[in-house]
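Since the structure comes first, as structure tokens, the remarks are kept for the end.
Values quoted throughout were computed directly from the atomic coordinates according to the rules given, and no laboratory measurement underlies them. All values reported here derive from a predicted model rather than from experimental measurement. FYI the Cβ positions are ideal-geometry reconstructions off the backbone, even for glycines, and counts take in every protein chain you see.
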Amino acid sequence: MARITILFVIDSLGAGGAERQLVYLLEGLDRQVFAPVVLTVHDAASVPPHFLPAVAALDVPVHSLEMPLPVGRGRYLATAIGRYVRLVRRLRPQIVQGCLYVANIIAMLGRPLCPAHTLYTIEQQSFYSAGRLRWLRWLHPLSDRLITNSPHTSRCLTEAGRLPAAKLLLIPCGVKLAQFARNPQPGLREQLFPAAGFVLANITRIDPEKDHPTLLRALGQLHAAGRLPPDFRLLIMGAVTDENAQAHIDHLIAAAGLGAYVRQLAPVQEVAPYYHLADATVLPSIVESFGLVVIEAMCAGKPVIASEGANVLAAVRPGVTGWTFPTQDVDALAAVLAEVLATPPAVRAALGQQARQTAAGYSVEQMVAACTALYLG
């Protein structure tokens, strides 16, 4: 029997949660049943293709529309749609799956000009502007199903966007539980943070919505009050998607005198060892669509400090799997950080074990099985 060709259209293969989820899905699909192909919208000069080697290693063909940023309107969008339609006419996939805003717009607008196919679009924004919601209301009839990755996104689309609930399908993100549960580099902490008494990890991209300023201001508040231990260290790791956000981070570190406490690293392919080297993970985001960092950290057995905006899955339960604080509340986060630093290691370890049990409900295998069932109808 001929394999089912699926064209996965995504904005880029840059360092990000959606891109990582695509790699996990490609790894898990039964290649005797499916023939996956990947198409990116942006060129490598606009978005470095962080996950391209991982996709290439799976022997999955990768194409690109080679579009610079931004693509959202005018002649750039028309050019992108034209290139997309020509590729679809050549590949003739039975299924197209779009992921992220620009890729979804191109796939939906291009569908009437393409050979017949089933179209699924993944919606996993943490925040939807009024303009984006209007686009979705106009265009969603061109998509057979809208896949969301969290109840938060589903609520955004049905309540604020007034999209029909029957059109949505919830498939949560998946985590490689076994991979994150083990520590493949037990010497990494000593290598990066020799003699550190407490390491706090912040593993997410550098973007305004991730709200690094609230974290740094809270740490600065503790430092100014003499309540930040000299052997405390903060690891910041993630792709820089907003240069102004990075400049703001640099400014706050210098202004608060935190230079000796903070180490920032570029993103890596395998992040599990960086969760393991930490005593706790913090995610102060203004809003998240899923909060993948929370689940990954929990899988590694680490308690999590999360803003209410980041805790969209309600996986972080105070006193059970970690600590929470009101979004963008510097004083509240400073108080939580002081509490965390005063928590005995045995108590933190118990929180981490409970966190690991909570994370077990979000496996890659479950995500791949749900997608496979959708594709096979």
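Give me the number: length gained by fully extending Asp30 to Ala369, i.e. 0.36 nm times residue separation minus the C-alpha to C-alpha distance, one decimal in nm.
Values: separation 339, 0.36 × 339 = 122.04 nm, distance 1.02 nm.
Answer, rounded to one decimal: 121.0 nm.
Rg/Rh for region 273-377 to two decimals, with Rh computed the Kirkwood way over all alpha-carbon pairs. Each step should come with its number before you reach the end.
Working: Rg = 14.9 Å, Rh = 14.2 Å.
Ratio of gyration radius to Kirkwood radius: 1.04.
Model label sites at Arg162 and Ala45, defined 7 Å from Cα along the beta-carbon direction, differ in position by 4.3 nm. Here the label points at Gln191 and Ala346, each 7 Å from Cα along the C-beta direction, are separated by 3.3 nm in the simple model.
Which length gain, in nm to one decimal place, applies between Met1 and His251 when the Cα-Cα distance is subtracted from 0.36 nm times their residue separation? Show your work: numbers first, answer last.
On the way: separation 250, 0.36 × 250 = 90.00 nm, distance 5.98 nm.
The span from Met1 to His251 would gain 84.0 nm if fully extended.
Remark on Leu169: its backbone amide H falls under 5 Å from those of Leu146, Ile147, Thr148, a criterion applied only to residues 5 or more positions apart or on other chains, H modelled at 1.01 Å from N.
Seen from Arg137, the other residues with C-beta closer than 12 Å to its C-beta sum to a net charge of +4, counting Lys and Arg as +1 and Asp and Glu as -1. If you plug the beta carbon distance of Arg317 and Leu142 into 1/(1 + (r/R0)^6) with R0 = 41 Å, you get a FRET efficiency near 0.55.
Once the piece of chain linking Val240 and Val268 is laid out straight, how much longer is it, given 0.36 nm per residue of separation minus the C-alpha distance between them? Write down the numbers at each step before the final one.
Working: separation 28, 0.36 × 28 = 10.08 nm, distance 1.26 nm.
Using 0.36 nm per residue and subtracting the Cα-Cα distance, I get 8.8 nm.
From the largest down, the chain spans 66, 41, 37 angstrom on the principal axes of its Cα atoms.
For the pair Ala78 and Arg90, label points projected 7 Å from Cα toward Cβ lie 2.3 nm apart.
What FRET efficiency comes out for the pair Asp331/Asp231, r = Cβ-Cβ distance, R0 = 35 Å, nearest 0.05? Computed FRET efficiency for Asp331 and Asp231: 0.90.
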